[in-house]
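Rule-based calculations on the coordinates, nothing more; no lab input. Predicted, not measured: the structure shown is a model, and the values here were computed from it. FYI the Cβ positions are ideal-geometry reconstructions off the backbone, even for glycines, and counts take in every protein chain you see.
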Amino acid sequence: MDKVPSCRLDTGRNRYVLIKIYVDNDEEKGRYIIRGSSLAPDHKTIFEGEEETLKKQNIDCDCCGGGYIVLSSEDKEIRVFGVSQYFGMADHEKAVAILSKQYAGHSISASNEVTDQKINRNSIRTEASKI
């Protein structure tokens with residue numbers, strides 16, 4: 001279980017799921033991991049793919065919700081927000097704790113807002129500049 005990476009994301013806007021992994025039905029000794037994809041059509045697809053991979057290693061898992069993560073390697077910025085329609089909202093603070101270990105040096109923020117406020121403000125500015 002220690003060999004399972006804590007986080008796997010694409011650059012850009014990712015759908016993500018927060019997954020609890022454990023062995024021998026012992027959830028007490030489990031830990032959380034993040035799996036995200038910029039290409040997956042939905043959160044369920046991400047979880048089912050990871051669940052299959054983990055089962056091959058005899059690792060149990062539960063999906064603890066989902067949302068979105070925007071990873072900007074160029075700006076060294078990560079934003080966590082939103083909700084999975086299928087799994088509900090992940091604990092974004094747990095996601096931030098995991099991300100801060102893997103992406104030291106990045107500015108990481110979380111919001112329980114459904115949409116990314118920064119993206120919305122930028123798109124409004126872009127639209128306004130066209131007028």
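Skipping prolines and chain starts, which residues have an amide H placed within reach, meaning under 5 Å, of the one on residue 89, given they are 5 or more residues away or on another chain?
Residues meeting the amide H criterion: 66, 84.
Using the structure shown, select from 29/76; 20/44; 55/101; 3/101; 3/29; 44/76 the pairs with a Cα to Cα distance greater than 22 angstrom.
The pairs that break the limit, which is 22 Å between Cα atoms, are 29/76; 55/101; 44/76.
How big is segment 7-129 in terms of Cα radius of gyration and Dmax, in angstroms?
Radius of gyration, then largest Cα-Cα span, for segment 7-129: 15.1, 57 Å.
What is the sum of charges, Lys and Arg at +1 and Asp and Glu at -1, for the other residues whose Cβ falls under 14 Å from the Cβ of residue 21? Walk me through the numbers before you get to the answer.
Working: positive: 3, 8, 20, 29, 31, 35, 55, 56, 94; negative: 2, 24, 26, 27, 28, 50, 51, 52, 60, 62.
After counting each charged neighbour, the total is -1.
Compute the helix-to-body angle for 43-56: its Cα long axis versus the longest principal axis of the chain, expressed 0 to 90° and rounded to tens.
In the chain, helix 43-56 runs at an angle near 30 degrees to the longest axis.
Taking neighbour Cβ counts within 10 Å as the exposure measure, how do 47, 87 sort from fewest upward?
On the way: 47 23, 87 20.
Fewest to most other Cβ atoms nearby, the residues stand as 87, 47.
DSSP beta bridges in segment 1-97, what fraction antiparallel, as a percent rounded to 5?
Around 90 percent antiparallel, to the nearest 5.
Below 8 Å between Cα atoms, with a sequence gap of 6+, how large is the relative contact order for the chain in percent?
Numbers: 251 pairs, mean separation 30.3, N = 131.
Over the chain, the number comes to 23 percent.
Extension gain residue 10-residue 48, at 0.36 nm per residue separation less the Cα-Cα distance, in nm?
11.9 nm
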